[in-house]
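**Student:** Sharing a structure below in structure tokens format, with a few things to ask.
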Amino acid sequence: MECRKLGDRTVSAIGLGAMPLSVEDHPPREQAVRTIHAALDGGISLIDTADAYCTGADEVGHNERLVAAAVRGWSGDRDTVVIATKGGHTRQGDGSWGLNGSPAYLRRACDASLRALGTDVIDLYQFHRPDPGVPLVESVGALADLRHEGKVRMVGVSNFDVDGIKDAQSVVPIVSVQNEYSPAFRSSRAEIDYCDAHGIAFLAWSPLGGMSAAHNLASRHPAFAAVADECGASPQQVALAWELSQAPNVIPIPGASRPDSILDSIRAADLHLTDAQRSRLDHS
Ligand SMILES: NC(=O)c1ccc[n+]([C@@H]2O[C@H](COP(=O)([O-])OP(=O)(O)OC[C@H]3O[C@@H](n4cnc5c(N)ncnc54)[C@H](OP(=O)(O)O)[C@@H]3O)[C@@H](O)[C@H]2O)c1
């Protein structure tokens, strides 16, 4: 598969978003592992996870443990796989999501992620979402310290605007920004352009519109369905190919709970849209 730059690594142009494997209505473990193995066998070398991808407070780290176990059990070379995790989102007892960007919490969260992943160093550690109660540079400063201590190889941020990215860069080298981007959500254009100009990978989250909307992409976005018909591709492949065509730093990370979904998504890397098709999608 085509590769793209992520810090000092190159990774597959399409990554796997592992969230659907551990949140509400997640598949049985055996199916989850098959999905991860299908992704890796298909050439994916970037898996996105987070400590908070679970169903509640008593399961924090579920997705990290699952991903790590699946990668360890894979027949290929683990060293070719970049596992990107995140800290800064919390899960409450009732399953609701919270935020904690305090440096002390992020240090604890990183240590827990190291244990969950069964590793001494995290490939890419991302600050999940700014906490309005904590100055951004303090939160990112914790990640800088973790990198300095060797617990984290590369640092990324998520759900940041351009000013926030600049602030983060003043504290530590930022290799990736993970923001929402899809046919339904296009307002991350400024962050894509800024990252492209500064050698930062842009990881597009919910690139198919999110877990509940992804299967209805064709009916929600008729222009993508029309191009899919022209190309003999799925509308989801067209959405991912369109995202890849936006800039050379964009790496969509579609989620999947079934092998067939991620195998279909992988083929988007080989789908090249014409300028005319891209323009129609841009303006749809
Ligand atoms: N940083 C953040 O704040 C943040 C927020 C949300 C998500 N994320 C990350 O972004 C990743 C992706 O987002 P997401 O999972 O919310 O949404 P998504 O990727 O837009 O949609 C995921 C759903 O798409 C379906 N799908 C995938 N490929 C398909 C294909 N080729 N054809 C048809 N259906 C397909 C899957 O269905 P099946 O389940 O049937 O396989 C899956 O449930 C997450 O897994 C997570 O890693 C990050």
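**Student:** Which of the residues that make up the stretch 27-70 are among the charged types (D, E, K, R) and closer than 26 Å to Asp94 by Cα?
**Tutor:** Arg29, Asp48, Asp51, Asp58, Glu59, Glu64, Arg65
**Student:** Hey, can you tell me all the residues within the stretch 202-237 that are crowded, with 21+ Cβ neighbours inside 10 Å and under 21 Å from Arg129 (Cβ atoms)?
**Tutor:** If the condition is that a residue be crowded, with 21+ Cβ neighbours inside 10 Å and under 21 Å from Arg129 (Cβ atoms), then Phe202, Leu203, Ala204, Trp205, Ser206, Pro207, Leu208 are the ones that fit.
**Student:** Could you tell me whether Gly156 is in contact with a Ser or Thr (Cβ under 8 Å, 6 or more places away or on another chain) and within 15 Å of the ligand (Cβ to nearest atom)?
**Tutor:** The answer is yes for Gly156.
**Student:** Quick check on my filter: what residues within the stretch 1-21 are within 16 Å of Ser206 (Cβ to Cβ) and either away from the ligand (no atom under 15 Å from the Cβ) or part of a loop (DSSP other than H, G, I, E, B) (or both)?
**Tutor:** Ile14, Gly15, Ala18
**Student:** Further, regarding this structure: I'd like to know if the stretch 102-114 contains one or more residues that are under 23 Å from Leu203 (Cα atoms), within 16 Å of the ligand (Cβ to nearest atom), open to solvent by 10 Å² or more (accessible area, probe 1.4 Å) and in contact with a Leu (Cβ under 9 Å, 6 or more places away or on another chain).
**Tutor:** Taking every residue of the stretch 102-114 in turn, none turns out to be under 23 Å from Leu203 (Cα atoms), within 16 Å of the ligand (Cβ to nearest atom), open to solvent by 10 Å² or more (accessible area, probe 1.4 Å) and in contact with a Leu (Cβ under 9 Å, 6 or more places away or on another chain).
**Student:** In addition: Within the stretch 180-196, take every residue that is part of a strand (DSSP E or B) and open to solvent by 10 Å² or more (accessible area, probe 1.4 Å) and give me the one that is nearest to Val250 (Cα to Cα).
**Tutor:** Among them, the one singled out is Glu180.
**Student:** Might you check whether a residue that is over 24 Å from His62 (Cβ atoms) and under 15 Å from the mean Cα position of the chain (by Cα) occurs anywhere in the stretch 20-43?
**Tutor:** Looking through the stretch 20-43, none of the residues is over 24 Å from His62 (Cβ atoms) and under 15 Å from the mean Cα position of the chain (by Cα).
**Student:** Exactly one condition in (1) near the ligand (Cβ under 10 Å from one of its atoms); (2) of a type outside the set (D, E, K, R); (3) over 18 Å from His283 (Cα atoms); (4) surrounded by fewer than 17 Cβ atoms within 10 Å (Cβ to Cβ) is not met by Gly199; state its number.
**Tutor:** Of (1) near the ligand (Cβ under 10 Å from one of its atoms); (2) of a type outside the set (D, E, K, R); (3) over 18 Å from His283 (Cα atoms); (4) surrounded by fewer than 17 Cβ atoms within 10 Å (Cβ to Cβ), only one is false for Gly199: (1).
**Student:** Go over the candidates Val134, Val155, Val140 one by one and state the one that is at pLDDT 95 or above and assigned to a helix (DSSP H, G or I).
**Tutor:** None of the others qualify; the one that does is Val140.
**Student:** Let me confirm something: among Ala213, Ala247, Ala241, which residue is closer than 24 Å to Tyr53 by Cβ and touching a residue at least 24 places away in the same chain (Cβ under 8 Å)?
**Tutor:** Exactly one residue qualifies, and that residue is Ala213.
**Student:** In the set Ala204, Ala233, which member is within 15 Å of the ligand (Cβ to nearest atom) and assigned to a strand (DSSP E or B)?
**Tutor:** Going through Ala204, Ala233 in turn, just one is within 15 Å of the ligand (Cβ to nearest atom) and assigned to a strand (DSSP E or B): Ala204.
**Student:** Looking at the stretch 123-149, which of its residues are over 19 Å from Gly98 (Cα atoms) and more than 16 Å from the ligand (Cβ to nearest atom)?
**Tutor:** Selection gives Val137, Gly141, Ala144, Asp145, Leu146, Arg147, His148, Glu149.
**Student:** Moving on. Can you name the residue in the stretch 243-259 that is within 20 Å of Asn63 (Cα to Cα) and open to solvent by 20 Å² or more (accessible area, probe 1.4 Å) and, of all such residues, is farthest from the ligand (Cβ to nearest atom)?
**Tutor:** Here the answer is Pro259.
**Student:** While we're looking at this one, here's another question. Quick one: is Ser279 of a type in the set (Ser, Thr, Tyr) and near the ligand (Cβ under 8 Å from one of its atoms)?
**Tutor:** The answer is no for Ser279.
The values are calculated or read from the model by the stated rules, or taken from the named source; none is laboratory data. Being a predicted model, the structure only gives us computed values, none of them experimental. Every residue, glycine among them, receives a Cβ derived from its backbone with ideal geometry; neighbour counts consider all protein chains shown. Note: areas computed on protein heavy atoms with side chains; ligands, DNA, RNA excluded. Shrake-Rupley method; radii C 1.70, N 1.55, O 1.52, S 1.80 Å.
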